[in-house]
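Enquirer: Mind having a look at this structure? Questions to follow.
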Amino acid sequence: MDDCEEPSCWTRFIELLKGTRMDDTARGKYEGGRRRKVFAILLLTVLTAVVSVAVLGIGAVIVPFTDVVRVIFHPILPQMCQEPTFSYYTDIIVDYRAPRILLAILTGACLGVAGASMQGILRNPLADPFTLGLSSAASCGAGIALVLGPVVLGSAYNMVISIWGTTITMNWIFMAVMAFLMGLSSVVIIIMMTGRRSVSRSTLILTGVVIGYLFSAVLSYLKYISDEAVLKDITMWLLGGMWGASWSAIIIVLPVAVIGIAILESYAVDMNTLSIGDDVAKNLGVDVRKLRIKILILSALITSVCIAFTGIIGFVGLMAPHIVRILVGNDHRYLIPLSAMLGALILVSCDALARIIVAPNDLPVGIIMYVIGGLFFMFLVRKMRGGYDI
């Protein structure tokens, strides 16, 4: 058998990057595209992991990358990996920076997936938790928990629960619940105003703006009646940042994020069907109204729980899905996991930038996302005016 008949490993690797095969058949193109998307998921996962480890050393105290690796791997492989140069490096990374990075990863992933799902079911390229007012509603719920929590829960507000050796106070749980309930109420308003008829993109976005104003008004009133200490907490929290990062927050957010994203991924095929049109989806057995309600509720859940600990962080859910669509197309089976990884990468990178700009202090990451997201939003609107549609 002639060895020249088989493509070399290097040729196959180039084909994998391009998403093509040696043959030009329809199946060959499909397999090539599928491999390219799987490769993109693996590449983004590795890149996010590497960036996350690298930024663990960034902050008021700079920890060298070698010591970051030692802090992570010494407890696992003590014989192969030395102890960090200074013992306090372990305290800094494990107690403070690791929860912050994990919260940024989970929040970015949830916002990216929620944005991709909302854009898919509403067929609106400008839809995301921020532009539809869901973020404002969730932040209003968290503000209610901060101001009225001690009154509503009484002595139970400071009650402590121990899970896996980590203490969780009832006020964190109450804040997450209130954020979800207010986020869910914004979804109900969207469904009531747009669910029974087809609406234009501008009408949907204007609906989100109105919802945001309504809940911002409630939050402004809460700020007005709160005392100086609570007012400062609300103001700082609304700027958007990893203020609530702790292992307690991770224990609350992690199961909600993982389960919510997994369920949304299970609806990927139905979302692909819906992208063809409501009538076609109905003929193929998809209950369009129920699907939209389920997706919006799940998006509200994963978004609200994260926002309860981070404050308002905008535009991640707008940017990540659009960038992914440019790279791999509209197939939600790959769009959802890729949006999760890219959203995580964007937020982790911006949070690291926030710690560098005004070091040794922290700049709220929400400010950076407003600047980057605002520029991206203007670019997107300009492209749409030129006939561009995603």
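The values are calculated or read from the model by the stated rules, or taken from the named source; none is laboratory data. Since this is a predicted model, take the numbers as computed values, not measurements. No Cβ is skipped: glycine too gets one built from the backbone with ideal geometry, and neighbour counts run over all protein chains shown.
Enquirer: Could you list, in sequence order, all residues of segment 267-295 that are under 21 Å from the mean Cα position of the chain (by Cα), of a type in the set (D, E, K, R) and over 19 Å from Ile190 (Cβ atoms)?
Expert: none
Enquirer: Let me ask you something else. Can you tell me which residues in segment 129-154 are at positive phi and part of a loop (DSSP other than H, G, I, E, B)? Step through it out loud before you land on a result.
Expert: Pass one, segment 129-154, residues at positive phi: 133, 154.
Passing the criteria: only Gly133.
Enquirer: Can you name the residue in segment 227-267 that is more than 22 Å from Met159 (Cα to Cα) and polar (S, T, N, Q) and, of all such residues, is modelled with the highest pLDDT?
Expert: Filtering first and then ranking leaves Ser266.
Conditions (1) at pLDDT below 85; (2) touching a helix residue (DSSP H, G or I) at 6+ places or on another chain (Cβ under 8 Å), marked per residue:
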site: Val280; (1), (2): yes, yes
site: Gly285; (1), (2): yes, no
site: Leu291; (1), (2): no, yes
site: Thr310; (1), (2): no, yes
site: Met319; (1), (2): no, yes
site: Asp351; (1), (2): no, yes
site: Val358; (1), (2): yes, no
site: Pro364; (1), (2): no, yes
site: Phe376; (1), (2): yes, yes
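Enquirer: Scan Val256, Val305 and give me the residue that is within 18 Å of Phe174 (Cβ to Cβ), surrounded by fewer than 20 Cβ atoms within 10 Å (Cβ to Cβ) and either among the charged types (D, E, K, R) or within 16 Å of the chain's Cα centre (by Cα) (or both).
Expert: Values: Val305 fails: surrounded by fewer than 20 Cβ atoms within 10 Å (Cβ to Cβ).
Going through Val256, Val305 in turn, the sole match is Val256.
Enquirer: Under the condition of being among the aliphatic types (A, V, I, L, M) and in a loop (DSSP other than H, G, I, E, B), which residue from segment 8-60 is modelled with the highest pLDDT? Even if it seems obvious, please write down each step before you answer.
Expert: Our first condition is that a residue be among the aliphatic types (A, V, I, L, M); within segment 8-60, this holds for 14, 16-17, 22, 26, 38, 40-44, 46-47, 49-51, 53-56, 58, 60.
Add one more test, that the residue is in a loop (DSSP other than H, G, I, E, B), and what stays is 22, 58, 60.
Numbers: Met22: 46, Ile58: 87, Ala60: 80.
Within segment 8-60, the match that is modelled with the highest pLDDT is Ile58.
Enquirer: Could you pull out the residue among Ile161, Ile173 that is more than 22 Å from the chain's Cα centre (by Cα), at negative phi and surrounded by 13 or more Cβ atoms within 10 Å (Cβ to Cβ)? Talk me through it step by step, then tell me what you get.
Expert: Numbers: Ile173 fails: more than 22 Å from the chain's Cα centre (by Cα).
Exactly one residue qualifies, and that residue is Ile161.
Enquirer: Moving on. With surrounded by fewer than 18 Cβ atoms within 10 Å (Cβ to Cβ), touching a residue at least 24 places away in the same chain (Cβ under 8 Å) and over 22 Å from Leu56 (Cβ atoms) as the only criterion, which of Leu327, Leu298, Leu338 stands out?
Expert: Details: Leu298 fails: surrounded by fewer than 18 Cβ atoms within 10 Å (Cβ to Cβ); Leu338 fails: surrounded by fewer than 18 Cβ atoms within 10 Å (Cβ to Cβ).
Unique residue meeting the criteria: Leu327.
Enquirer: So, one more: Looking only at segment 359-381, count how many residues are surrounded by 12 or more Cβ atoms within 10 Å (Cβ to Cβ) and not in a helix (DSSP H, G or I).
Expert: Adding up the residues that qualify gives 4.
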